[in-house]
Amino acid sequence: MVVLSLQVVRFPTPPYQISLRRQSTDKITRCGIAEPSGEPAPLGQKTKYNDGFFEKAFMTLFARKMEKFASPAKSKTETKKKRWFDFGYDYESFVDVSKRVMEGRSRQQQQEVVREVLLSMLPPGAPAQFRKLFPPTKWAAEFNAALTVPFFHWLVGPSEVVEVEINGEKQRSGVHIKKCR
């Protein structure tokens with residue numbers, strides 16, 4: 001898909017409106033999305049992904065960790081027990097487990113579950129070591145962005161590292177997700 005046009009629209013901010021953001025903005029960017037042929041993209045069009053071994057392995061690893069926190073599955077196909085070497089989780093079953101983790105939990109509780117899942121995948125003491133190895137520097141931000149593109153393709157879809165400006169300094173630490181999976 002390609003962007004056909006961008007149009008910045010200014011809306012006046014009412015004097016009584018208080019913004020809780022650091023910088024209030026009264027601009028909205030609109031864009032038109034089209035296929036490479038120039039035809040408008042059909043609504044609800046689903047992209048077909050061909051997940052390989054590593055993508056399915058990551059989905060399986062994450063889904064198994066999340067299963068511990070998920071509410072019980074409702075259909076019989078979801079309850080089929082998968083063996084440890086079975087990479088039977090595809091993206092749809094990964095999303096299903098994610099939805100079941102969300103059920104009956106507040107936003108904060110969901111964040112706590114995600115934190116627990118991520119920490120359970122690391123060896124003890126890894127977060128502290130990570131903070132030592134990658135302090136908040138320009139190099140660390142660019143390195144993390146470079147790692148995000150190949151290792152999270154399975155989760156977010158096609159992406160690329162882009163240049164961003166932080167405190168007046170340009171760095172290649174942004175990740176542009178071309179089409180979110």
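The values are calculated or read from the model by the stated rules, or taken from the named source; none is laboratory data. This is a predicted model, so every value here is computed, not measured. Here the Cβ is made from the backbone with ideal geometry for all residues, glycine too, and neighbour counts use every protein chain on show. Note: areas computed on protein heavy atoms with side chains; ligands, DNA, RNA excluded. Shrake-Rupley method; radii C 1.70, N 1.55, O 1.52, S 1.80 Å.
For region 124-180, the residue among 124, 180, 145 whose Cα projects farthest onto the positive side of the dipole built from Cβ charges is 124. 3J(HN,Hα) along region 96-106, derived from phi through the Karplus expression 6.51 cos²θ - 1.76 cosθ + 1.60 where θ = phi - 60°, amounts to 4, 4, 4, 5, 5, 5, 6, 4, x, 10, 6 Hz, with x in place of Gly and Pro.
With 24 Å as the limit, the listed pairs 48/138; 56/178; 132/178; 99/138; 48/178 have 48/138; 132/178; 99/138 beyond it between alpha carbons. Using 0.36 nm per residue and subtracting the Cα-Cα separation, the extra length available between residue 164 and residue 48 on full extension is 38.7 nm. Between beta-carbons, use under 13 Å as the cut-off and find the net charge around residue 102, counting Lys and Arg +1, Asp and Glu -1. Net charge around residue 102: +1. Between residue 142 and residue 107, the contour length at 0.36 nm per residue exceeds the Cα-Cα span by 9.7 nm. If the viscosity is 1.567 mPa s and the temperature 4 °C, what translational diffusion coefficient in µm²/s does Stokes-Einstein give for region 124-180 when Rh comes from Kirkwood over Cα pairs? So the translational diffusion coefficient is about 105 µm²/s. Averaged over its residues, region 124-180 has an accessible area of 70 Å² per residue, based on protein heavy atoms and a 1.4 Å probe. Here the relative contact order of region 124-180, from alpha carbon pairs under 8 Å that lie six or more residues apart, stands at 32 percent.
When you count the other C-beta atoms within 10 angstrom of each residue and take the mean per peptide, 142-152, 116-126 line up highest first as 142-152, 116-126.
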